[in-house]
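**Student:** Quick one: the structure is below, questions incoming.
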Amino acid sequence: LVTSLSSFEVFAAAPGNNRSKLWDTCRKDDGEAGLTACMAIINTRGIPARERATAYYNRCYNYMMRHDYRSALAACDRSLEDNPSSFDTWLMRTVIRSGLGQFDLAVKDATQGLAVANNNGDRAGTLRNRAAAFVRRGNIAESRADLDRAAKLQPGDIYNFIHQADFL
C-alpha cells in the first residue's frame, strides 16, 4: 500500500520513522531521489516555514552538485523566502552567483550572510567568499581587506592561507 502512494502522501501519513527516512534522502542523496524527497517535504500541508526552507536549501545543494546552477539559485531563493536568516543559504547563493559571473550580486549576498552569521568561522568563510567576488569584480582593496579581516577572525585557518595565495 505504501509503495503505491506518492512521496507526498507517504510523508504526510507516515509515522516518524518514514519522515526521518525522507529527510535523510532529502539531505544526503544528490540524485533524483533526493530532489523528490525534498519536494515531498516541501509540498506537505502545514509544514513549518523553517522546515520548508531547509528542504529548499537541500534542493539547492543537490542542484549545485549536479552543476544546475539556475535551478540551484531558484531553490536558494525559495529557501530565503521562508527563512531569510539562513546563513548556509546566503553562503551557498554567494558561491552560485560567483559561479554564474554575477559578482555584484555575490557581494550583496555575502554581505547579507555576514549579517546573520553566528560565529567567527561563519564570518571568516563569508568574508573569504566575498573577497573572491570582489577580486573578480576588480575591487582589489576590498578583497584584501576582507581576507585580512577573515585572518583576524580565524588565525591560522588553512582556508585563509589558500584564499590569500589565490588573491596574490
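The values are calculated or read from the model by the stated rules, or taken from the named source; none is laboratory data. Keep in mind it's a predicted model, so treat the numbers as computed, not measured. No Cβ is skipped: glycine too gets one built from the backbone with ideal geometry, and neighbour counts run over all protein chains shown. To get the accessible areas, we keep the full protein, side chains included, count just its heavy atoms, and leave off ligands, DNA and RNA. Shrake-Rupley method; radii C 1.70, N 1.55, O 1.52, S 1.80 Å.
**Student:** For region 150-162, give me the residue count where each residue is in a helix (DSSP H, G or I) and open to solvent by 50 Å² or more (accessible area, probe 1.4 Å).
**Tutor:** So the count comes out to 5.
**Student:** Mind telling me which of the residues 168, 147, 127 ends up being open to solvent by 80 Å² or more (accessible area, probe 1.4 Å) and either over 23 Å from the mean Cα position of the chain (by Cα) or within 22 Å of residue 89 (Cα to Cα) (or both)?
**Tutor:** Answer to the check: 168.
**Student:** Looking only at residues in region 10-37 that are loosely packed, with under 14 Cβ neighbours inside 10 Å and assigned to a helix (DSSP H, G or I), which one is modelled with the lowest pLDDT?
**Tutor:** Out of the qualifying residues, it is 13.
**Student:** I would also like to ask the following. Any idea which residue in region 89-104 is most open to solvent (accessible area, probe 1.4 Å), counting only those that are farther than 24 Å from residue 52 by Cα and assigned to a helix (DSSP H, G or I)?
**Tutor:** 104
**Student:** Next question, about the same structure. Could you please give the count of residues in region 43-53 that are under 17 Å from residue 88 (Cβ atoms) and open to solvent by less than 60 Å² (accessible area, probe 1.4 Å)?
**Tutor:** So the answer is 3.
**Student:** What number of residues in region 54-76 are at pLDDT 95 or above and either of a type in the set (Gly, Ala, Ser) or assigned to a loop (DSSP other than H, G, I, E, B) (or both)?
**Tutor:** 5
**Student:** Here is a list of conditions, (1) free of Cβ contacts under 8 Å to residues at least 24 places away in the same chain; (2) assigned to a helix (DSSP H, G or I); (3) out of contact with any Ser or Thr (no Cβ under 7 Å at 6 or more places or on another chain); (4) under 30 Å from residue 150 (Cα atoms), and residue 51 meets all of them except one; can you say which number that is?
**Tutor:** With respect to (1) free of Cβ contacts under 8 Å to residues at least 24 places away in the same chain; (2) assigned to a helix (DSSP H, G or I); (3) out of contact with any Ser or Thr (no Cβ under 7 Å at 6 or more places or on another chain); (4) under 30 Å from residue 150 (Cα atoms), residue 51 is out only on (4).
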